[in-house]
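**Q** Okay, here's the structure, questions in a sec.
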Amino acid sequence: MPALYPDLEDRAAVVTGASSGIGLGIAKALLLQGMRVAVHYKRSRAAADSLCAEHPGRAFAIQADLGTEEGCVRLAHDAVGALGGAQVLVHSAGIWNDGPIATLSRPVLEEMFRVNTFSAFSLVRELLPALKARGGSVVFIGSTAGQRAVSVVVRASSRAMSSRARAPRPASRLSHRSSSDRAGLAARVRASRAMPAVMSSPGCSMSPSV
């Protein structure tokens, strides 16, 4: 039986990439805490609907293509409408297109940055009013590829996204500022990142040896 945290009960969360892998696990964990969750998916509607059926009135499946600005705006709007607000954003959606840099095309590169990086900016911007209303949190789920030279493209897109929550260490009196200040978020919104261990998922099929 997982530990229960009463302060999470009835709070509202938007979880991207919530129909599989890490995102699905996070959505399930938040629902077990009594939270209301917008379960984002791109293609796996059956998985999202199945989770929502287990938690009627508290889980809401929302389809959106986070590789587009329109998809990010619609997800934020529909999630706030379904949940009646949003105090948490867990941005777990991401894609992996591996290969030598000499073989990667410009469209593949741009798609990875749209999904892995630009969507983070768009979602936070659109959800900021709701996050500020009751004091919110943003959690970016990153990739250990951003710390290792596994793939130059994945490394670049992952590091760009996680930099929204990671703070530099300036040699000045400003070093006491919170990560929220340095990420450009409001004072009432906390930003952080998590870097899970390597695993296989629909968006990232990797050998266990990697």
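The values are calculated or read from the model by the stated rules, or taken from the named source; none is laboratory data. Remember, it's a predicted structure, so these values are computed and weren't measured experimentally. Note: ideal-geometry Cβ built from the backbone for every residue, glycine included; neighbour counts use all protein chains shown.
**Q** Filtering the stretch 73-123 down to residues that are modelled with pLDDT of 95 or more and β-branched (Val, Ile, Thr), which residue is nearest to VAL189 (Cα to Cα)?
**A** Across the stretch 73-123, the extreme among qualifying residues is VAL88.
**Q** Within the stretch 134-154, can one find any residue that is farther than 23 Å from GLY25 by Cβ, at pLDDT 85 or above and not charged (D, E, K, R)?
**A** Among the residues of the stretch 134-154, at least one is farther than 23 Å from GLY25 by Cβ, at pLDDT 85 or above and not charged (D, E, K, R), which makes the answer yes.
**Q** A follow-up question, please. Quick one: is GLU54 modelled with pLDDT of 95 or more, surrounded by fewer than 17 Cβ atoms within 10 Å (Cβ to Cβ) and under 26 Å from GLU111 (Cα atoms)?
**A** When the stated conditions are applied, GLU54 does not pass them.
**Q** Pick from TYR5, TYR41: which is among the aromatic types (Phe, Trp, Tyr), without any contact (Cβ under 8 Å) to a residue 60 or more places away in the chain and exposed (fewer than 15 other Cβ atoms within 10 Å of the Cβ)?
**A** That would be TYR5, the only listed residue that is among the aromatic types (Phe, Trp, Tyr), without any contact (Cβ under 8 Å) to a residue 60 or more places away in the chain and exposed (fewer than 15 other Cβ atoms within 10 Å of the Cβ).
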